[in-house]
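Colleague: I am attaching a structure below and will ask some questions about it afterwards.
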Amino acid sequence: MLTLKLILEKFRNSLNFPELINAIEKETNIGKSETNYVRNCATSGRAIMLQSALDIPSISSENILKIVKIMCDILISNKHMEESVLFVFRIFFDKLVSDFYHDFNFNSAKNLTNVQKNFSKILQNVFEILEKYISNNKSQIEQSQKIYEFSLYFLIAKLYLRAKNSKSSSNAKEKLITGLIESYFGTGFLNTIMDDGTILGFFKLIVKNSFFQENENLKSAKNNSENKFNERSLNISLDYFFEILKLNKEKEKVYKIWNLIIDENTNQILTEISPKNFQHLIYSVSRFVLKNFFHLDYVKQIFDHSFFLSFVKFKIKQKFKFLGDLIKIIEENLQKIKESKNTSEEIIKKVSDYALDLLKIFGNNPQVYISIQSFKTTYAVSCIKIF
């Protein structure tokens, strides 16, 4: 039996390795009598080795497709490996469209026609494999009951939007990507992703299936003055969704999604599934909106003092750290607006009114208001300094 070290050595020294894929499958074939822990460890090693294989620029199309199939098999058979495999898929797609692989390098002066054919074929074959894992029907993603299915669809949408947004969108590669995706998934597939019904179905799965370790992250935050733990979302699929929204560049759609998440009906549905996860989802979406789509007229309406007062009633243990994080983002954006050379007196007045409105969140009753004691760096003081 090959050892892990020997297999990795073979990866480094071999450029043509079909027998290596078989070795991986044999090496990680754990018997039913073994514990789940051992199986998960073996599957983790398998994913690492597959990623190592995809890091070889000269890998053949045949081996790429075999790895894609293996990764899909892991997705449907091991819940614990879902995020790891989805991360490998993300890296793979980035490499595939960035001229990393020799057979699909559009910068090659030789055999450009063959490169185009190879690229078109590999992308088509990958889509055909993934279709089996996207609700078994590429046109019904909104009915999916698996988070990873949404993730795969988001990754495809990311390819599409990057090609559409590319400054070199007239080039052959970008045309091939957009054409293949529209041909295979339909010209309206992006609208399907952005549909309220699809997004609500996605949020239901996120709230139901995500597990955020509150105590662990609170503990790690004590030794992290920058609070980098706040960067972590409930699920990697949510991060992929945010990437789509950024690439789509439509702030109206982002705020429409915000309105959906705070809608009374949505609130009731998601709260019944998991109150804490829903509250964490509200924080994650709020942070994303404030960092990437800060529009004063929208923000001052929806992130007013009443929003933060309702946040105080959340059950999640990190609520005051999360509040501090959101308020800090708002403060930074208000400061940028104030310092902008193009800021008019009218906008300054809006900023001032908004800052004063936010001061209403502070009071003496900790059951109703945010106590000044809750923050070491008080937003009230910072707000006053702005003016």
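The values are calculated or read from the model by the stated rules, or taken from the named source; none is laboratory data. This one's a predicted model, so the numbers in the text were calculated from it and none came from an experiment. We place every Cβ from the backbone using ideal geometry, glycine too, and count neighbours over all the protein chains shown.
Colleague: Look through Ile273, Ile193, Ile244 and report the one residue that is surrounded by 15 or more Cβ atoms within 10 Å (Cβ to Cβ), under 23 Å from Phe308 (Cα atoms) and either in contact with a Lys or Arg (Cβ under 7 Å, 6 or more places away or on another chain) or modelled with pLDDT under 95 (or both).
Modeller: Ile273
Colleague: With respect to the numbered conditions (1) at pLDDT below 85; (2) of a type in the set (A, V, I, L, M, F, W, C); (3) crowded, with 18+ Cβ neighbours inside 10 Å, which one is the sole condition not fulfilled by Val97?
Modeller: Condition not satisfied by Val97: (1).
Colleague: Asn125: surrounded by fewer than 16 Cβ atoms within 10 Å (Cβ to Cβ), without any contact (Cβ under 8 Å) to a residue 24 or more places away in the chain and not aromatic (Phe, Trp, Tyr), yes or no?
Modeller: So Asn125 fails the test.
Colleague: Is there a residue in the range 132-140 that is touching a residue at least 12 places away in the same chain (Cβ under 8 Å), among the aliphatic types (A, V, I, L, M), crowded, with 16+ Cβ neighbours inside 10 Å and in a helix (DSSP H, G or I)?
Modeller: No, the range 132-140 has no match at all.
Colleague: Residue pairs, Cβ under 9 Å, 6 or more apart or interchain, first in the range 301-323 and outside any helix (DSSP H, G or I), second at pLDDT 85 or above and β-branched (Val, Ile, Thr). List them.
Modeller: Close Cβ pairs (under 9 Å, with a partner that is at pLDDT 85 or above and β-branched (Val, Ile, Thr)) amount to Phe303/Val289; Phe303/Ile330; Phe314/Ile282.
Colleague: Let me ask another. For the range 49-79, what are the residues that are part of a loop (DSSP other than H, G, I, E, B) and under 24 Å from Asn114 (Cα atoms)?
Modeller: Asp55, Ile56, Pro57, Ser58, Ile59, Ser60
Colleague: Additional query: Taking the conditions exactly as written (touching a helix residue (DSSP H, G or I) at 6+ places or on another chain (Cβ under 8 Å) and closer than 30 Å to Ser166 by Cβ), does Lys317 satisfy them or not?
Modeller: No; evaluated as a whole, the condition is false for this residue.
Colleague: Still on this model: Pairs only if they're at least six apart or on different chains, beta carbon under 8 angstrom, first in the range 194-207 and of a type in the set (D, E, K, R), second surrounded by 17 or more Cβ atoms within 10 Å (Cβ to Cβ); list them, first residue then second.
Modeller: Asp195/Glu142; Lys204/Leu270
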